[in-house]
Amino acid sequence: MSDNKLVKAIQDKGKTIESEMSFFEHLEALRWHLIRAAISVVVLAIVAFFNFDFIFNTIIMGPFRGDFWTYRMLCKFGHGMCITKINGEIINTEMAGQFMLQINQSLLIGMILSIPYILWELWRFIKPALLEKERKAASGFVFYASLLFVVGILFGYYIIAPESISFLAAYTVSPNIKNQFMISSYVSMVATITLILGIVFELPMIIYILASLGILTGTFMKKTRRYSVVILLILGAVISPSPDFLTTMISTIPLFALYEVGIVVASMVEKRRAKAHNDLMNS
């Protein structure tokens, strides 16, 4: 009897050691995925640092120039919407401000450009733990997540950021007050708007993941649509620093579209899960 207990204890200990080794092997694999992702950020940040003249003058300062693409398009729609100059000037008040600006923005650019590769590394880490059907169902994860992020970044950069900047730069409470904006304040605003929109546009992917885990269903999303409209309106108002109704609606309409796409995605996953359940019960 004692021999059986001893054998069972040794077997249990072997299983524990095996599971611990597997856990540490997963940690080691995750560490290398993170290291490669970090290297990609650093490499692209270095490239951005040595090309910062173009990045700063053309991209970062683009929405502050009167000849920016968005303002030219507004002029074509109507003279009353035409913006040819942004009131105010950008200043720096810190000794190392411009140097730190170049470093920080180079790192940010490197991180944004690395998003597709980071998502790919994440997919490579998760993929071995998925079943064959799950792998096929999520095979386009990196492509669609990257595409949605890029579309969100472009929407924030070309639509929301220029509208917000032109409104806030022109807003005054007294003609005796001159608008002078810290470069850190301006850059922070542009970066925040574009990054938030890039993340928000990942809504269909988040819904897909939640639906795949059984946490969210298309039926539930349809029933709560009226409440979601209120939440999306509030989110659109938060995303857009400009308080005018037009800019708020411009930022909210894509959120409604993303939510509707999410309903379609969740419904497809719901049907697939129901079919799998029925197949299992019938087998």
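Bear in mind these aren't lab numbers, they're just calculated from the coordinates by the rules spelled out. On a predicted model such as this, the values are computed, not experimentally measured, just so you know. A quick note on method: Cβ atoms are made from the backbone with ideal geometry, for glycine too, and the neighbour counts reach across all protein chains shown.
Between residue 279 and residue 261, the contour length at 0.36 nm per residue exceeds the alpha carbon distance by 3.8 nm.
Is the range 202-283 rounded, prolate or oblate when judged by the Cα gyration tensor, a ≥ b ≥ c being the square roots of its eigenvalues, rounded requiring a/c under 1.5 and prolate requiring a/b larger than b/c? Prolate, because a/c is 1.5 or more and a/b exceeds b/c. Are there DSSP H segments in the chain that both extend 24 Å or more along their axis (alpha-carbon positions) and score a mean Kyte-Doolittle hydropathy of at least -1.0? List them, or say none. Those that clear 24 Å and a mean of -1.0 are 2-50, 97-126, 183-200, 245-282. Note on the chain: with a GNM built from Cα contacts shorter than 10 Å, the maximum mean-square fluctuation among 162, 128, 63 falls on 128.
Rounded, prolate or oblate: pick one for the chain, where a ≥ b ≥ c are the square roots of the eigenvalues of its C-alpha gyration tensor, a/c under 1.5 means rounded, and failing that, prolate if a/b is larger than b/c, else oblate. Note, shape of the chain comes out oblate. If one computes the Cα centroid of the range 214-262 and of the range 39-57, what distance in Å separates the two points? Result: 34 Å between the Cα centres. Of the residues 129, 191, 45, the one that moves most in a GNM of the chain with alpha-carbon contacts below 10 Å is 129. Spacing of the modelled spin labels on residue 231 and residue 139, each 7 Å from Cα toward Cβ, amounts to 3.3 nm. Shape of the range 205-253 from its Cα gyration tensor (a ≥ b ≥ c, root eigenvalues): rounded if a/c is under 1.5, otherwise prolate when a/b > b/c, or oblate? Verdict is prolate for the range 205-253.
Entry note, the chain: the mean residue ellipticity at 222 nm calculated from DSSP H runs of n ≥ 4, each adding -39500 (n - 2.57), is -25000 deg cm²/dmol after division by the residues and rounding to the nearest 500. Of the residues 166, 174, 240, which exhibits the maximal mean-square fluctuation in a Gaussian network model of the chain defined by a 10 Å Cα contact cut-off? Residue with maximal mean-square fluctuation among 166, 174, 240: 174.
Spin-label model, residue 173 to residue 272: label points 7 Å out along the Cα-to-beta-carbon direction sit 5.4 nm apart. The label-point distance for residue 220 and residue 43, in a model that sets each label 7 Å from Cα toward Cβ, rounds to 4.1 nm. Dipole orientation for the chain: of the candidates 228, 200, 110, 228 has the Cα lying most toward the positive pole (charges on Cβ; Lys, Arg +1; Asp, Glu -1).
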